[in-house]
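S.K.: Can you keep this structure in mind? I'll have questions shortly.
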Amino acid sequence: MSTPLPSASKHHQSSWLVIVLLFLVLALPPISIIAAIMVPGPLPEARTVIVPHGSNVYGIASLLDKNEAIRSKTAFRIAAKLLASYQLKAGEYQITPHQSIADIVVMMHEGDSVVHWFTVAEGLTSADITNLLKNDPALTGDIPVPPEGSLLPETYRYSYGDSRAALIARMQKSMQDALNDLWDKRDPSIPLKTPLEAVTLASIVEKETGKVAERPRIAGVFYNRLHQSMRLQSDPTVIYAIVHAKGSLDHELAHDDLMFPSPYNTYASDGLPPLPICNPGRAALDAAMHPEQNDFLYFVADGTGGHVFSKNLAEHNQNVTKWNAIKVKQ
């Protein structure tokens, strides 16, 4: 009895099976590499790693190895190929304790980098803000000083390597958006002709008080003065005129300073200054466009961080005398 030969179709199937198995053996990494990719990493505590722009997978693997964030550079390169097709993004990354190679690769592929926050305080000049940005090592690129009053004080999110110019552009857009919203809803009785005039008045209000509740009242005082063709006589405008927005006054404001010749000095010039004296926040902008309706013409510090208001010069002089006595005791 003879043994039948295998059919051609069965031989063909066997050949394909061998080819598939051979492909899998050659294409898939060893089990030890798979384990190295998936097991917890060696870092005992969080560590920040900065991946420079232009880094390739070999450079990133060496960087992580140097920082003791991975156990195997080879395993990292294989993971970068399998999980991210070598598409890893530059940036600042926080490697968490015992983070696996697989998780690190996915994090860098998605660009899930460290988030930074830049807070612009209300009342800073554009020169102040520019200097803060220039001193932030996480940002890149040079920037000129933008126009005064064009930046909205807020907290802005950014990542390592972002450009200073891009952050400035976002601040300017935020200011423009706020102005578009507030200007359209402004009190129709205010005598301002342009949004820039609103920013200018708001910048003076911003510098006059740190109390949000006082801002509409102080704005009302300045409008009362404008209606009566009185000069605004705001001390912050004198200081801005003297230091040219490049620093702080090195002495207490004196009587002689009040006559400093400058269109920004509202003791020496009529009406509003030609441009803002700082970057006002949204509350000050809102106050400038929705002032309190009052009869006050004067205000002076009250010693508690706020101000006392008066309707005539005699009352104001009495309040000034009280304030001077408070200053002596301080």
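S.K.: Taking only C-alpha pairs under 8 Å that are 6+ residues apart, what is the relative contact order of the stretch 91-196 in percent?
M.R.: Values: 110 pairs, mean separation 27.8, N = 106.
Over the stretch 91-196, the number comes to 26 percent.
S.K.: Could you give log10 I(q)/I(0) at q = 0.10, 0.16, 0.17, 0.18 Å⁻¹ for the stretch 111-270, computed by the Debye formula over C-alpha point scatterers of equal weight, without solvent?
M.R.: -0.44, -1.02, -1.11, -1.20
S.K.: Same structure again: Run the accessible area of the chain with a 1.4 Å probe and give the carbon-and-sulfur part as a rounded percent.
M.R.: On the way: 10480 of 18490 Å².
Using a 1.4 Å probe with all protein chains present, the chain comes out at 57 percent carbon and sulfur.
S.K.: Taking the alpha-carbon distance from residue 81 and a cut-off under 17 Å, which lysines remain once sequence neighbours fewer than 8 residues away in the same chain are dropped?
M.R.: 73, 89
S.K.: What does the charge dipole of the stretch 125-197 about its Cα centre add up to, to the nearest 20 debye, if the Cβ of each Lys and Arg holds +1 and the Cβ of each Asp and Glu holds -1?
M.R.: Values: 8 positive and 11 negative charges, 21 e Å.
Rounded to the nearest 20 debye, it is 100 debye.
S.K.: Where Lys and Arg each count +1 and Asp and Glu each count -1, what net charge lies around residue 185 among other residues with Cβ under 15 Å from its Cβ?
M.R.: Details: positive: 186, 282; negative: 177, 181, 184, 187, 286.
Neighbourhood net charge equals -3.
S.K.: Measuring from the lowest to the highest alpha carbon on each principal axis, how far does the stretch 176-250 reach, largest first, in angstroms?
M.R.: 40, 32, 24
S.K.: With all pairs of different alpha carbon atoms counted, what Kirkwood hydrodynamic radius in Å does the stretch 65-138 show? Walk me through the intermediate numbers first.
M.R.: Values: mean 1/r = 0.0677 Å⁻¹.
It is 14.8 Å.
S.K.: Moving on. Over the chain, give the accessible area per residue in Å² for a 1.4 Å probe, as an integer.
M.R.: Details: 18490 Å² over 330 residues.
For the chain, the solvent-accessible area averages 56 Å² per residue.
S.K.: Now for a separate question. Could you run the Debye sum over the Cα atoms of the stretch 102-205, one equal point scatterer each and no solvent, and tell me log10 of I(q)/I(0) at q = 0.12, 0.14, 0.21, 0.24 Å⁻¹, two decimals?
M.R.: -0.50, -0.63, -1.08, -1.29
S.K.: Starting from the Cα of residue 48, step 7 Å toward the Cβ, then list every residue of the stretch 160-174 with an amide N under 18 Å from that point.
M.R.: Inside the label zone: 160-164.
S.K.: Okay, helix-only estimate at 222 nm for the chain: each DSSP H run of n ≥ 4 adds -39500 (n - 2.57), divide by all residues, round to 500 deg cm²/dmol; what do you get? Could you put the intermediate results ahead of the total?
M.R.: Numbers: 12 runs with 151 residues, N = 330.
Helices in the chain give a 222 nm mean residue ellipticity of -14500 deg cm²/dmol.
S.K.: Volume per residue, Å³, of the convex hull around the alpha-carbon atoms of the stretch 227-330?
M.R.: On the way: hull volume 14.3 nm³, N = 104.
Hull volume over Cα atoms, normalised by residue count, gives 137 Å³.
S.K.: Another question about this same structure. For the chain, what is the charge dipole size about the Cα centre, in debye to the nearest 20, if Lys and Arg each add +1 at the Cβ and Asp and Glu each add -1 at the Cβ?
M.R.: So the magnitude is around 1140 debye.
S.K.: Step by step: find N for the chain, compute 2.2 N^0.38 Å, then divide the Cα radius of gyration by it. What's the final number?
M.R.: On the way: Rg = 32.9 Å, N = 330, 2.2 N^0.38 = 19.9 Å.
Normalised by 2.2 N^0.38 Å, the Cα Rg of the chain equals 1.65.
S.K.: Quick check on my link table: of 134/185; 134/193; 66/134; 207/311; 211/322; 173/207, which ones sit more than 27 Å apart, alpha carbon to alpha carbon? Intermediate values should be presented prior to the final figure.
M.R.: Details: 134/185 36 Å; 134/193 35 Å; 66/134 30 Å; 207/311 22 Å; 211/322 21 Å; 173/207 22 Å.
From 134/185; 134/193; 66/134; 207/311; 211/322; 173/207, over 27 Å: 134/185; 134/193; 66/134.
S.K.: Can you give me the relative contact order of the stretch 123-182 as a percent, contacts being Cα pairs under 8 Å and 6 or more apart?
M.R.: 35 percent
S.K.: Compute the semi-axes of the equivalent ellipsoid of the stretch 273-330, taking the square root of 5 times each eigenvalue of the Cα gyration tensor, and list them largest first in whole Å.
M.R.: In descending order, the three semi-axes are 26, 16, 11 Å.
The values are calculated or read from the model by the stated rules, or taken from the named source; none is laboratory data. Remember, predicted model here, so these are calculated numbers, not experimental data. As a convention, Cβ positions derive from the backbone with ideal geometry for all residues, glycine included, and neighbour counts pool all protein chains shown. Only protein heavy atoms, including side chains, enter the accessible area calculation; ligands, DNA and RNA are left aside. Shrake-Rupley method; radii C 1.70, N 1.55, O 1.52, S 1.80 Å.
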